[in-house]
Amino acid sequence: MNGNEVLRVVDALHRDKNIDKEIVFDGIESAILSAARKHFGEDFELEVSVDREHGEPTIKCNGQDLDPDELGDILGRVSAQTAKQVMIQKIREAERDSVFDEFEEQKGELVGGTIVRFEGGAAIVSIGKVEAVLPRSEQIPGESYRTNERVRAIVLEVRKAGSRVKVILSRKHPELVLRLFESEIPEVSERIIEVRSLAREAGYRSKVAVSCIDNKIDPVGACVGVRGARIRTIVDELAGERVDIVRWNDSLQVLVPNSMQPAEVEDVILCPMLGRVIVLVRDDQLSLAIGKRGQNVRLASKLVGWDIEVMTQNELDEQLEKSVMAFSQVPGVEAELAENLVSQGFFSFYDLSVIEPDELAELGGLTTEQCDAVVDYADVEAEKAEKEEEKRKSEDAKLRAIEREQQAAAAAAPPQPVEEATETAEDTPPEADATADADAVAAEVGDEAASADNAEVKGTPAGEEPVALDEPVALDEPVALEKSGEGEAADTDDTAEASGEELAESAPAESES
């Protein structure tokens, strides 16, 4: 191993593996030292150095330089394998450290890669020199991936794992939204528009507060883009996640209503001692202000950095009255002090238990002993209220469990057989009654029709009252004659004509009378 070979190896490793030359020289020195110890043993004090300009190695044994022949023997074929293994190990460690430093600088930055395979619920993403891991816990809920699909994520964590570097990616971190804003909106990347605050619940909703150093530029409109083109690109990258962009303001009286959008806020009450903000809304805006499962108010609280409590005016009045009555029962707390505490946002004994004694003394002019007594009393009452709340939740859970068991038992129970009902006059179904009524009506109609036919035969128009006859015998004769024969048919016709003549003669007589 001469100097030129050493310099050539150092340059190649520095260029191909991006390893610092000093690290390569240190590796070569360690390899030569290992070979020398194997040659001389552990009893000798050895020092190895490599000239950085010419690449010539030198070895000192007990403070004296070795002659070229002995040096060549050490660097010969017998110790070459050991030196090679040591160099390979050093080079791998140096390469790992180089990759670690590279991705450590990219921590929190946006990177793109291709999904190469899946290991359990985690996706393995190729991002160049390494294969990064996108764990299931850092994926957007409801999002699915396919092999060879391009994804963008932020570098969440970088750590060494043996001879490799393990890079953890995340698509769930709020920093991803910020990096997407920087990549898709030039004003944000140029720092003309600044993202002042950000709150996110991955897969559902994000709130971003922006401001601009130029008063001529609308930060919200610039982030949305023409017809929503810019924000649509970000939403598509986030798998349809909703992104609310609000205007930042240093005043909480303005920032809080902006953060509560799309709900309309009537008033904002600040409680600085507790870091709480009471937001008053109308009854029809209450559900919109709270959001689905409290999502809107929760994100707004994260955005402004204060605890936000949404109430209507009636709820606030009831809470104030209830809190004043409760605090008035505390020994040493007068009505005026109770009102002062409630005006500062102290609504429960838990709130009162965390107050600083000096603040309580300032509000009510109490002594240190009185303040301690009030805080102790509030601690006890807060514990009681907490136990009662836990008991109530436990009872509710038991009731829900019982209901679920009953529903499961009802669903698992076999169907009951249907008994055949005996047909009796009393158990006749309504359909049978309706059928019988219909038959009776039909029979009655048939009788009326028959009567009408008889009336026409007798010479009485249908629908009129039949005329009473003095001699009904003639009307009964056709019935008897029908059974006779063809010879009696003429008599029947004569009888019918005679009966008609009698009716015609009797009708004028009745009219005259």
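The values are calculated or read from the model by the stated rules, or taken from the named source; none is laboratory data. Source: prediction; values computed, not measured. Methodologically, a virtual Cβ is constructed for each residue, glycine included, from the backbone with ideal geometry; neighbour enumeration extends over all protein chains shown.
If the condition is being outside any strand (DSSP E or B) and of a type in the set (Val, Ile, Thr), then the range 148-197 contributes VAL177, ILE185, VAL188, ILE192. Exactly one residue among GLY112, GLY121, GLY108 is in contact (Cβ under 8 Å) with a residue 40 or more places away in the chain and surrounded by fewer than 13 Cβ atoms within 10 Å (Cβ to Cβ), and that residue is GLY112.
Screening the range 302-321 for residues that are in contact with a strand residue (DSSP E or B) (Cβ under 8 Å, 6 or more places away or on another chain) and part of a helix (DSSP H, G or I) and picking the one that is farthest from PHE347 (Cα to Cα) gives LEU303. Filtered by the rule that a residue be in contact (Cβ under 8 Å) with a residue 60 or more places away in the chain and surrounded by 14 or more Cβ atoms within 10 Å (Cβ to Cβ), the range 140-163 gives ILE140, GLU143, ARG152. Restricting attention to the range 327-353, the residues that are surrounded by 14 or more Cβ atoms within 10 Å (Cβ to Cβ) and in contact (Cβ under 8 Å) with a residue 40 or more places away in the chain add up to 7. One residue alone among ALA378, ALA410 is within 30 Å of SER328 (Cβ to Cβ) and at pLDDT 80 or above, and that residue is ALA378. Checked against the criterion of being surrounded by fewer than 17 Cβ atoms within 10 Å (Cβ to Cβ), at pLDDT 90 or above and farther than 21 Å from ILE140 by Cβ, the candidates GLU266, GLU187 yield just one match: GLU266. Filtered by the rule that a residue be of a type in the set (Val, Ile, Thr) and under 24 Å from the mean Cα position of the chain (by Cα), the range 135-154 gives ILE140, VAL151, ILE154.
For the range 358-390, a residue qualifies if it is within 29 Å of the chain's Cα centre (by Cα) and more than 19 Å from PHE347 (Cβ to Cβ), and exactly one does: GLU390. Kindly evaluate SER259 against the criterion of being exposed (fewer than 15 other Cβ atoms within 10 Å of the Cβ) and at pLDDT below 95. No: the conditions fail for SER259.
Let's see how each residue does on (1) buried (at least 18 other Cβ atoms within 10 Å of the Cβ); (2) within 60 Å of the chain's Cα centre (by Cα); (3) closer than 30 Å to GLU102 by Cβ:
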| site | (1), (2), (3) |
| --- | --- |
| ASP26 | no, yes, yes |
| LYS38 | no, no, no |
| ASP43 | no, no, no |
| SER49 | no, no, yes |
| ARG52 | no, no, yes |
| GLU56 | no, no, no |
| LYS60 | no, no, no |
| GLY63 | no, no, no |
